[in-house]
Amino acid sequence: MSGLLELQNVSLTHGHRTAWPQPALHDISLRVPAGERLLVTGSNGSGKSTLAWLLAGMIEPTSGTATYDGQPLSDARHDIGLLVQHTRLQLLRPTVAEEVGSYTERVGDRLSALRAMGFSSIDGGRRIDDLSVGQQRRVGLAAQLARRVGVLVLDEPLAGLDPSGRASLSAALSSLPATTTVIIVTHDVEDSRPLGSRLVVLEGGRLKADEEVL
Amino acid sequence: MIGSLHLLRFLEGHSVLHRAGARSKVLALTMLVFGLSFDPSWSSVGIVWTTILLGFFVARLPRAVLPRPPRLLWWAMGLALGFGLLAGGEPSATLGQTSVAIGGLIFQIRFFGVTLGILGVALLLGWTTRLADLPPAASWLLAPLRLVRIPTDDVVAGLTLAVRSLPLMADELATTAALWSARPPTSDKRLVQAIDFAATATVAATRRATELGEAVANRGPLVINVRQQPWVLADGLVVAFGVAAVTAMTVL
């Protein structure tokens, strides 16, 4: 398994078979090797979130090929985790422990994922609705870690958090396993810069820049 | 899934239906819906469906505007038709040596004709009318109710918020459904999973409603722009068609 995530000449139009087609991505080619920390940035409407959903295998390109380990991304969803900005939408169980437990039956994986995201064993009983936005995101991350995914796609993970929430989530993101490919989609690149090794800039759905983070 | 229904999405055009104001179309739609509700006969169903087809061609709408509902809906409709057949009732159809009572089935088909007909005229209104034009039209239509001290401004404000939040809600539900489908299979029963999904969707809807309520509280009472466009020939045609359709429903 190479863990290579690759887009070749990918274009995507939302609702392309409807009367309201909305082109979102144009001719994107990208290679993300295993373990890379990739930051994707761009202004509002540049196609960042669409790219996140595409890289997570949740939507398919209108044209071009999107593969992970040589197989279509949509067939590799079991090995790719997505954390959306409104994380509450993906936390379906009532408590922290139940949410993380719904992703794996291995108790050891649950506990280590929760610990990695800064939760103690007592926190397992806390209700999701009683958590702050930052804590909910850490639960979402813990759930994906417990799944042992090879790729983590995070859509605006630091958006809307206060400084302490940002610091604690940044610390959690920094502690992710080195073997896990992490793709962070963000409009605020300054706060996320320490988390990335490579920066991709989107503009109008096109790849404008692809550079190393210094 | 839900997002692909494209509820109340306007499509640019220059037809009579596009030129007519929201007032006349909402009035005609109200007349049709009331007519159909009071007399849901086959002739009324036929008139409503003829209106939809006529409107579709007059507005020169492409087939791509038609919603593509989830497969689950077709299954549910098939199941309902099955129950209708099981219900029996007159008349009966003879298939070779067997006589099958199809009264319930016919009743179920007519029920679909009525409900989908109402949905169809609403979609026609959405395809040919900008969303922002609907609240002033509703305000105009409900104006007579002020005489009997019904708080129509509040009703219209609520309607406005509901209409504005509809695409956001649809988007959030579509996101929740997509994320749900991406979860790894667990040993939970499907019913438990469905309850989890329904609970999350409810939380998302409640949160959206709370945010809108807070927005309203922060900005003060919602003022609907009730300045109406002048009546044009297209409005007259739309209203005349509505009156003719309701008259036909009454006569036939």
### Query
To the nearest 100 Å², how much accessible surface do chains B and A cover up together, summed over both, with a 1.4 Å probe?
2300
### Message
Per residue, how large is the accessible surface of chain A? Use a 1.4 angstrom probe and give square angstrom.
### Response
43
### Summary
For the stretch B:66-204, the per residue accessible area (1.4 Å probe, Å²) is 59
### the stretch B:3-251, relative contact order in percent, only Cα pairs under 8 angstrom and at least six apart counted
36
### Query
Just counting partner chain Cβ atoms within 10 Å, what average do the residues of peptide A:77-86 show around their Cβ?
2
### Query
How much length is gained if the chain between B:ASP39 and B:THR210 is pulled fully straight, taking 0.36 nm per residue apart and subtracting their Cα-Cα distance, in nm to one decimal?
57.7 nm
### Task
Provide the convex hull volume over Cα atoms per residue for the stretch B:18-117, in Å³.
139
### Task
Net charge near B:ALA204: determine it from the other residues with C-beta under 14 Å of the C-beta of B:ALA204, scoring Lys and Arg +1 and Asp and Glu -1.
-2
### Query
Other chains near B:57-66: what is the mean number of their Cβ atoms within 10 Å of each residue's Cβ?
2
### Query
Per residue and in cubic angstrom, what volume does the convex hull of the Cα atoms of the stretch A:48-103 have?
87
### Message
Taking each residue in A:12-21, count the Cβ atoms of any other chain within 10 Å of its Cβ, then average. What number comes out?
### Response
4
### Message
How much length would be gained if the chain were fully extended between B:TRP231 and B:ALA194, taking 0.36 nm per residue of separation minus their Cα-Cα distance, in nm to one decimal?
### Response
8.4 nm
#### Entry: Value in Å of the Kirkwood radius, where the protein assembly as shown supplies the Cα pairs that are averaged
25.6
### Using θ = phi - 60° and Karplus 6.51 cos²θ - 1.76 cosθ + 1.60, couplings along the stretch B:164-172 (whole Hz; Gly, Pro as x)
5, 7, 4, x, 5, 4, 4, 5, 5
### Query
Counting each DSSP H run of 4 or more residues in chain B as -39500 (n - 2.57), what helix-only mean residue ellipticity at 222 nm follows after dividing by all residues, to the nearest 500 deg cm²/dmol?
-23000 deg cm²/dmol
### Task
When a/c is below 1.5 the answer is rounded, else prolate if a/b is larger than b/c, else oblate, so apply that to the stretch B:109-252 with a ≥ b ≥ c taken from the square roots of the Cα gyration tensor eigenvalues.
oblate
### Query
At a 1.4 Å probe radius, carbon and sulfur cover how many percent of the accessible area of the protein assembly as shown?
62
### Query
What list of whole percents do you get for P(r) of chain A, with Cα-Cα distances grouped in 5 Å bins up to the one holding the largest distance?
1, 7, 16, 20, 20, 16, 11, 7, 3, 0, 0
### Task
Return the sequence-ordered ³J(HN,Hα) values of the stretch B:237-252 in whole Hz as given by the Karplus equation 6.51 cos²θ - 1.76 cosθ + 1.60 applied to θ = phi - 60°, using x for Gly and Pro.
5, 5, 5, 4, 5, x, 5, 4, 5, 5, 4, 4, 4, 6, 6, 6
### Query
What is the log10 of I(q)/I(0) for the stretch B:3-251, computed with the Debye formula using one identical point scatterer on each Cα and no solvent, at q = 0.13, 0.15 Å⁻¹?
-1.05, -1.24
### Task
Enumerate the amide H contacts of A:VAL153 below 5 Å, restricted to partners 5 or more residues apart or on another chain; note that Pro and chain-start residues carry no placed amide H.
A:GLY81, A:LEU82, A:LEU83, A:ILE183
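The values are calculated or read from the model by the stated rules, or taken from the named source; none is laboratory data. Note that this is a predicted model, so its numbers are computed, not measured. Quick reminder, even Gly has a Cβ in these numbers, built from the backbone with ideal geometry, and neighbours come from all protein chains shown. Protein only, heavy atoms only, side chains kept; ligands, DNA and RNA dropped before computing areas. Shrake-Rupley method; radii C 1.70, N 1.55, O 1.52, S 1.80 Å.
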